[in-house]
1. Here are Leu173, Leu177: which of them is touching a residue at least 24 places away in the same chain (Cβ under 8 Å), loosely packed, with under 15 Cβ neighbours inside 10 Å, more than 16 Å from the ligand (Cβ to nearest atom) and over 19 Å from Lys61 (Cβ atoms)?
2. Being within 16 Å of the ligand (Cβ to nearest atom), at pLDDT 95 or above, under 30 Å from Thr186 (Cα atoms) and β-branched (Val, Ile, Thr) narrows it down to one residue among Val143, Val133; which is it?
3. Which residue pairs have Cβ atoms under 9 Å apart, sit 6 or more places apart or on different chains, and have a first residue in segment 121-148 that is at negative phi and a second that is more than 16 Å from the ligand (Cβ to nearest atom) and of a type in the set (Lys, Arg)?
4. Any residue in segment 126-135 that is of a type in the set (Asp, Glu) and closer than 22 Å to His66 by Cα?
5. Which members of segment 81-118 meet the condition of being crowded, with 19+ Cβ neighbours inside 10 Å, more than 11 Å from the ligand (Cβ to nearest atom) and either of a type in the set (Val, Ile, Thr) or more than 24 Å from Leu193 (Cβ to Cβ) (or both)?
6. Mind counting the residues in segment 108-129 that are hydrophobic (A, V, I, L, M, F, W, C), modelled with pLDDT under 95 and under 17 Å from Tyr162 (Cα atoms)?
Amino acid sequence: MWSDEFNGTAGTAPDNTKWEFDIGTGTNGWGNAELQYYTNRSSNIKLDGNGKLLSGDAPSKEAFLHLGMYQERANSAAVVHLHCLHAVAVSCLDGLNADDVFPPITAYAVMQVGKLALVPYFAPGDTALAEAVRKLAGKHHAVLLANHGPVVAGTSLSSAVYAIEELEQTARLMLLLQSHSVRLLTVEQIAELNRRFPG
Ligand SMILES: [Zn+2]
C-alpha cells in the first residue's frame, strides 16, 4: 500500500508516473454510455501547493477584480462580480456621482450597498482595472465598473450575494424612477440607518 501527499507546486497536475487518466473503452465499465462525461483533459485537476489535490478549471480572466477587493478588505470571505442587466444599464449612464452612484431611495439600498463607487472604464482583462478597484476597495465594499457591472465584497458568500441582489434591485428602481420626482431619504434618515445597522 502506498500514499501520495500531492505535494507538488500549486497549479500543476498530479505526478503522472503515479496517476493516469482512465477514460474507459466502453467495455470495462467506464465510458459505457452512462450519463457522465469522461475526459482526459487535465485542466480541472490541480494541486494547491499545500498538499491538497484541487479540482476546477482555471479562474476567469476577471479573477484579479476579486483579488483587489480581498487585498484591501481583510474581513472579506467572498467577492461577487456580475454582468446583471440593470446594474450594467446604470453603469452606462452619463453624469453619475462617482463617489456614490445610487441616490438614497430605499433603506435596504443604504444598508446593503452603502456608497457605491464608480470605477472608470477599462477593457475587460486590463490589469489597470484591478488596480482601479483596489484603490477604491478600502473605502467601498461595493463598486460599479463603468460600462461593465458591479463587484461586491462580503464577510460571507451569502452576505455578498444579498448585497449584489439589493444593488441590482436598486439599479432597477433608479431606472424606473428616472423620469419621476422622487422623495429621497434625508441625511438624518440615512444617519439613523447607519446607527441602527452599523457595518
Ligand atoms: Zn465582468
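1. On the way: Leu173 fails: loosely packed, with under 15 Cβ neighbours inside 10 Å.
Exactly one residue qualifies, and that residue is Leu177.
2. Numbers: Val133 fails: at pLDDT 95 or above.
Residue meeting the stated conditions: Val143.
3. If the second residue must be more than 16 Å from the ligand (Cβ to nearest atom) and of a type in the set (Lys, Arg), the pairs left are Ala137/Arg73; Gly138/Arg73; Lys139/Lys115; His140/Lys115; His141/Arg73; Ala142/Lys115.
4. Residues of segment 126-135 that are of a type in the set (Asp, Glu), as a first pass: 126, 131.
From what is left, the residues that are closer than 22 Å to His66 by Cα are 126, 131.
Yes.
5. Across segment 81-118, the qualifying residues are Val90, Val101, Val110, Val113.
6. In the first step, residues of segment 108-129 are kept if they are hydrophobic (A, V, I, L, M, F, W, C); the result is 109-111, 113, 116-119, 122-123, 128-129.
Narrowing the set further to residues that are modelled with pLDDT under 95 leaves 109-111, 113, 122-123, 128-129.
Subsequent filtering for residues that are under 17 Å from Tyr162 (Cα atoms) retains 109-111, 113.
Residues meeting the conditions: 4.
The values are calculated or read from the model by the stated rules, or taken from the named source; none is laboratory data. Worth saying up front: this structure is predicted, and the values here are computed from it rather than measured. Glycine gets a Cβ as well: all are built from the backbone with ideal geometry, and neighbour counts include every protein chain shown.
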